[in-house]
Amino acid sequence: PNAKYLQGLEDSLGATLRDPNGAIRVRPTLQLDNDACNNIFVPGDVNNLPAGAKFSMVVSPQADLVAANIKAMIDSRANGQETSAALKQWDGRVANATVVPIGRSKGVGQLFGLVLGNSRFADFLVRNIKGKDYFVSKAAQNFKHVK
């Protein structure tokens, strides 16, 4: 991940915010894993969550969790309360699936560890899961809040 822009913040904090692979360390609440920066949230593929949490289909639920946590922080601070107990945590449940259409009627993929190779079954699944519109309609749903 491209997280080199954090270098200045790391230098000023005297702390390392990235793991050895360059991903940004986060808490289960998707907050930056540093007490001095608990108002910074890191959803998406740049954080150090497991690989399955990097699919585009989980960005929208992660953004919803971040929005709920920011609202909880604002509400609790307005009431003079501690915020950490009120924050939601990313449960990590994601579908571990990848499908790659090859033309209009063929494809390969992996679903929950099962490799879908050169077979009629794989072709049928990939064609019906992703081959119709390459998830364009799904991507449009993920950006429903963008105008």
Report task. Give the calculated FRET efficiency between K88 and N38 to the nearest 0.05, with a Förster radius of 22 Å applied to their Cβ-Cβ distance. Result -> 0.95
Report task. Evaluate E = 1/(1 + (r/R0)^6) for I74 and A15, where r is the Cβ-Cβ distance and R0 equals 22 Å; express this FRET efficiency to the nearest 0.05. Result -> 0.30
Report task. List the residues whose amide H sits under 5 Å from the amide H of I102, counting only those 5 or more places along or on another chain, with H placed 1.01 Å from N in the peptide plane. Result -> G107, V108
Report summary line: Total charge of the residues flanking L116 in space, meaning their Cβ is under 13 Å from its Cβ, with Lys and Arg +1 and Asp and Glu -1, is +3
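Where a number appears in this text, it was derived from the coordinates with a stated rule and is not lab data. What you are looking at is a predicted structure, and each value in this text was computed from that prediction instead of being measured. Reconstructed Cβ throughout: ideal geometry from the backbone, glycine too, with neighbour counts over all protein chains shown.
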